[in-house]
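A quick write-up on the structure given underneath.
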Amino acid sequence: MSVFPYLVAGVLFIAGLYGVVSSRNYIHLAVCLTVMQSSTYVALITVGYLTNGQAPITKGAKPGKPLVDPVVQSLTLTDVVVSVAVLALVLSLALRAYRTHGTLDPDEMREMRG
Amino acid sequence: MTTALLVVVLTAVGVLGVCVVLTHDPLRQTVVNGFFGLSLVIFFVVLQAPDVAISELVVSTVAYPLVLLATVYRTGKGTRDPQRKRRAPSDSEAGR
Amino acid sequence: MSRVRRRVLFFVPVGIAMAAVLAWGLVGLPSFGLPHSDYARYFAQHATGQRHTTNVVAAIVFDYRGWDTMGEELIMVSGVMGTALLLRSTRGEEHRAARDPVTSELLTWLRPGMIPLVLLLGLWTISYGYITPGGGFQGGVIGAGAALLTWLAGSYQRYQVLTPDPLVDAAEGGGAFVYLAVGLAGLAAGGTYLHNLIPLGTTGDLASGGTIAVLNAATGLAVAAGLVLIFHEFLEDYTETVPDVAAEER
Amino acid sequence: MAEVTTLVPLLVVVPLAVAVLLTATSHWLPAWVPDLAAILAAAAVTAMSVVLVVATRTHPIVYWFGGWRPVHGLPIGITFIVEPLGASLAALAALLTTASLVFSWRYFEEVGHLYHALVLAFLAGMVGFSLSGDLFNIFVWLELMSVAAYALCGYQVHQAAVIQGAVNFAIINSLGTFTMLMGLAMVYASTGQLNLSAIGHQLSANPPGSAVVVGFSFITVGFLTKAGAVPFHFWMSDAYAVASAPVGALFAGVMSDLAYHTFARVYWDGFAPGFGVHAAAVIRGVLLAVAVLTALLGAVMCALQADLKRQVAFLTISHGGIFFAGIALLTARGLAGSTLYLITDGLLKAALFLSLAIVIKGLGSSDELALHGRGRQRSQVLPMAVFITVGLGLATLPPFGTFLSSALIYDSPGYGWLPPILVLAAALTSATVLRSTARIYLGWGPAHDPLLTSRKPDEPEEGEPEESETGLGLRTRLWLLTPALGLVLVAYGVAFTPSVAHELVSAAAALQHPQATEQLVLHGQQSPPPVVGSYAPSASAWAYGGSAAGGSLLLAALGLWWRRLGRRVEGVALVLARGLKAVHDGSVGDYAVWFAAGTTVLAIAWTGLVR
């Protein structure tokens, strides 16, 4: 149990990367990027967890129980916002590419470029 | 108890993440991605990160699906439809 | 053998090696669930006392590491501007007549109660952000979701009337500017940038947290407006192509 | 000092505030306001950065946002550390942005406020990236810079078919930033800190384990991807070939190379104390290998391109390798030389990109071969002069700016085999610039070259000419050339600032003294600045500089008339060229495989760092 959560983050990371490598569609590829980014959320949140910890909200907190790491949570919040911005941008680039090429397949697009 | 719950949730996150990657049809992938997002929400709740859980919830129910679906429909459901006409492939970049 | 197949074949050994390296690193991390960071412990102990907010994460997001959040907000704004820049400039030539193709009966039926409710939920999430979980970003997204419902339920035209571009642009830029300006106020008062100037209030009250409350609200405004703009860009694209899709379906 | 300190947040806030105000009020503003406001904001950042460079000559400024100073050595808030090297890079970014905005005022026929707002956000990201002393904050500015850059890159694309370059840029860079964030999570988990000095302090107390080593490798990969080091460089040639001239000038001039310098700060403050002396040799070896590979591969690929923008892209990669070699030596002179090189070379590359736009717009193509002899007109004398000046500057012509920078790297002790390699890279890349200048403006050499293009000799150029062939009026041309000329003048002149080399070396020595930085950042205690001797280029450095300049002329001639060497040479060269070009195939999936392979090899090479 002591490393299993970390390994899940690793699995997501490699899976996302595999998705980027194997993708035949920019939309699929963009989603794979968000999966890869999810691995960083999982990594950050797991490294901040305390066994028997409680959420970092002091209102109504039970005394004596430690709070889990609030720093990684704030970092993850930033990360989530970044992911929205990146996804929107990659998709709008893909849309533009589609308008000029009529395809979303990275390889087909490459061939057209000559 | 918590440990068992944690193992189940983490496994779900890992498996669903891999499923998202392996689902090649964009429309179906958007749905699977929604489930993956929900598994992350539960994971964050279990790990005592309610703020992050709410963020992930709103993002994976509102922001991601909308942007993705709009793109999928705009592009004629992705590459599923090979008859889709190609436009303007003529001007390619010169001399690489 | 197709290109993709060949590439995946190359990736298999590389990916396995990379996974091994990553696993080696992850195994070396401190055991799951053990306390370790002095940095985190400091906030857990002092944040509520120093900042009069019960949501420690909000105190970090909007004060201790408020400088990060300012950058984050500008990432959001840049993402919105970038989307608009990319999608607007090619759309010029195409016809822009707004149509009303999407009408879901269920949503039309739900509309009267739903939209104000969602909007209220968004506002509530924003305003209690530094007391209970939630905050500017989360509430902002929900607020944008309310605008989206208008579109789904009613009409694109009404959606456009409710969210006119100039107003949404102003809200987005204005929200981000308020964030920057609060920081500048701290500077102008002789402190450092983002220094708190406003009385902290009573812990647990809505009017507490000093600058945190203002920054939280500004973020909510900017995020809601920003997402509405992103939706707008993508939806405008969508409505353009709907006849196409309908024709194909037939 | 109080007044000077106030400038630190303003460096970032002023461009951002102007950017968001432009967005907020866009619907009510006359068209000239965004142009003017953006130029003024960028110019203000330039001036403030220069003031900060001068003000921090003896002691760096440590700025805590929100006033959260460290409590008993534990950092609470986020800090900017302003020292001369970082501040002068901020000044470079701001100066190039100003020049680029002045240029685009006349260059684009129609450009909305969104463009200006994004350029300003991009500038703020670059400034924050080069000053921040907090690992996650560096990531935030890196993302801001990247997000703005993705959009700017795909904007105003006239060649319909190459938007793909912008997509590749966004995808590969995102891979880099996520990998960096993964590394950051591992480092945070092991040290519990995000402040660089605090990380360094923790690591020197608890020797790094496998998590820190892998984390450090991943963070390094993030920087190297942004910087375009081999094998993470593939996105760069695609992206730069797509970008419009004013944006490309910023990309090539400063964006990518900043990552090398920020890497150096992260290494020295955060990781050098933990890895200790014995590990320095391992780190130096790996970094030097990456640097040399980047410099050489970039130079060769540069010489094999017919497209003028792609030439600059590979030139940027190659010269990035040279800067990185200076950093990788882990000496004060190397770092100082690398910083000065980054500045002078960045100015020249930006000037080159801006002048290329005039060629492309005025003569109607970006293909060196298609333009053969088309520049033989009286009106083209001035652009030609700019190209020759830039080309010689890139070849480290003594005694000007780039020469002084490269001399600092050559005069670093240790690796005698390194300078000749760097000279070769500099000579080959600048030879390419001179070659295309000679071909376009003098009509020298053949109009066809199988090394540069796979087209048959009589096949017409594919596709439409990029821009209208209407040509440009004299006043517009002068307006467009002025920023480029200004940048070239600064680049040549920097070397004559009194004792500039000495100041840079002492700033670099201070940066490479993490214990002193830690005292300053965590405890607010100033240490006396390190004592370094004065510097003048040695005789061998003069020889290297001269041979780079001379060699570039020879190689340019060789590039024009190489086919006279005979059939056998031609066959070998063609096979090599095709092989190299086949690897740079524009396929994002292939790039991702290279990315994964590079990351893995880097991490494996550093496994020995575990103590």
Problem - Shape category assigned to the range D:353-439 from the gyration tensor of Cα positions, a/c cut at 1.5 - result: prolate
Completion exercise
Surrounding charge for D:Leu418, neighbours by C-beta under 13 angstrom, Lys/Arg +1, Asp/Glu -1, total +1
Problem - log₁₀ of I(q)/I(0) at q = 0.17 Å⁻¹ - the range D:47-155, Debye sum with one point per alpha carbon - result: -0.86
Practice task
Highest first, please rank the peptides C:176-189, D:238-251 by the mean number of other Cβ atoms sitting within 10 Å of their residues.
Solution key: D:238-251, C:176-189
Completion exercise
For chain D the mean separation of alpha carbon contacts under 8 Å (6+ apart) over residue count, i.e. relative contact order in percent, is 17
Problem - Cα-Cα pairs of the range D:467-611 separated by more than 28 Å (percent) - result: 66
Fill in the blank from the handout: Dividing the alpha-carbon radius of gyration of chain A by 2.2 N^0.38 Å, where N counts its residues, gives 1.45
Fill in the blank from the handout: Rg/Rh over Cα atoms for the range B:2-76, Kirkwood Rh, comes to 1.04
Problem - Quarter of the Cα convex hull surface for the range D:320-402, i.e. its orientation-mean projected area (nm²) - result: 6.2
Exercise for the section: Find out how many positive minus negative residues lie around D:Met180, taking Lys and Arg as positive, Asp and Glu as negative, among other residues whose Cβ is under 13 Å from that of D:Met180. Expected result: -1
Exercise for the section: With a point put 7 Å past each Cα toward its Cβ, work out how far D:Ser538 is from C:Met114 in nm, to one decimal. Expected result: 7.6
Exercise for the section: Obtain the radius of gyration and the Kirkwood radius of the protein assembly as shown from its C-alpha atoms and give Rg over Rh. Expected result: 0.95
Handout entry: Burial ranking of peptide ranges D:144-155, D:368-379 (average Cβ count within 10 Å, highest at the top)
Key = D:144-155, D:368-379
Exercise for the section: For peptide D:592-602, compute the average count of partner chain beta-carbon atoms within 10 Å of each residue's beta-carbon. Expected result: 6
Exercise for the section: Compute the separation of the alpha-carbon centres of the range B:1-61 and the range D:406-448 and state it in Å as a whole number. Expected result: 53
Practice task
For chain D, go through all pairs of different Cα atoms, get the mean of 1/r, take its inverse, and jot down that Kirkwood value in Å.
Solution key: 24.2
Fill in the blank from the handout: For A:Gly53, the net charge from surrounding residues (Cβ-Cβ under 13 Å; K, R +1; D, E -1) works out to +2
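Every number here is computed from the coordinates shown, using simple stated rules; none is lab data. Keep in mind it's a predicted model, so treat the numbers as computed, not measured. Please note: Cβ atoms are built from the backbone with ideal geometry, for glycine as well, and neighbour counts cover all protein chains shown.
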